[in-house]
Amino acid sequence: MRHQNRLLAALSEADGALLGPHLEAIDLPLGHVLVEPAAEIPYAIFLDTGLCSMVSTLDQGGRIEVGLVGRDGMATPALLLGTDTIPYQLFMQVAGHGHRIAVPALRDAVKASASLRTLFLRYVQTFLVQVAQTAIANAGAPAEERLARWLLMYHDRQDGDDLAVTHEFLSIMLGVRRPTVTVAIHTLEGAGLIRARRGRIRVLSRARLEEAAGQTYGPAETEYERLIGPLRRSEDSPA
């Protein structure tokens, strides 16, 4: 079976046979909550399409994204470190579909195969680098740089150049107010990097968008390709 999920596609035949019987296809509608803070996590979920955000709720009542998962990996990688809860919420910000596996079955498979354990722990490393890059971006990068980075991360995890996203979601992703999102979008659009329409953004120049993101984009993606494989379909064999 050829998986759209990059992590599952990287499995050896033997490791795929360990997980395959336990994988259940699921739909993942927009806004669907996969994990609640401090609640026991029953399943690991591998996305084939769509995007899942890991968000933290702030004392002031706002929310900010701290991690992003698409077809590159698994929600949530903390399960691979032996924990059953996390202090964050995971929800679908872009609808899609994927596969889920019960946590006991996942851990039995990891115990049974050193190569499977190594691959999954490599994914944990790439996710930790992504979270660190998000912290670096949020600490000091201008909103337009952070927006460019986030759009590139979304672009990496889907096919085509049209990205379905609202200003409201972007304000959560970037941890800024909606007017700031609007200004950042207008800045990138005015430079000819994107075209914005209601609920949708089209990437016009990926290369220039990478330039706009500066040093906020690249380290996590390089780490992923070093440890797991190509992130974008255009760099991989056809599905």
In whole µm²/s, the translational diffusion coefficient that Stokes-Einstein assigns to segment 1-136, given a Kirkwood hydrodynamic radius over C-alpha pairs, 10 °C and 1.306 mPa s, equals 105 µm²/s
Exposed trypsin sites (Lys or Arg not before Pro) being those in a DSSP loop with at most 10 other Cβ atoms within 10 Å, the longest stretch of the chain free of them is 3-197
Taking every alpha carbon pair in segment 91-156 and sorting the distances into 10 angstrom bins from 0 up to the bin holding the longest one, the percent per bin comes out as 16, 32, 32, 17, 3
Residues meeting the amide H criterion for Arg63 (H placed from the backbone, H to H distance under 5 Å, 5 or more places apart or on another chain) are Leu58
Which residues qualify? For Leu68, with a placed amide H closer than 5 Å and at least 5 residues away or on another chain, they are Met54
If each part is reduced to its alpha-carbon centroid, segment 186-233 and segment 1-49 end up apart, in Å, by 25 Å
What one gets for segment 22-70 as the Kirkwood radius, inverse of mean 1/r over different Cα pairs in Å, is 12.5 Å
Log10 I(q)/I(0) at q = 0.15, 0.22 Å⁻¹ for segment 59-191, from Debye over equal alpha-carbon scatterers, is -0.83, -1.47
Here segment 142-239 gives, from Cα atoms, an Rg and Dmax in Å of 13.5, 41
The relative contact order of the chain, taking Cα pairs under 8 Å that sit 6 or more residues apart, comes to a percentage of 22 percent
Computed over the chain, the Cα gyration tensor eigenvalues, each multiplied by 5 and square-rooted, give semi-axes in Å (largest first) of 30, 20, 16
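Laboratory data are not the source of any read-out in this text; all were calculated from the coordinates shown. Note that the structure is predicted; figures quoted are calculated from it, not measured. Cβ sites come from the backbone with ideal geometry, for glycine too, and all protein chains shown count toward neighbours.
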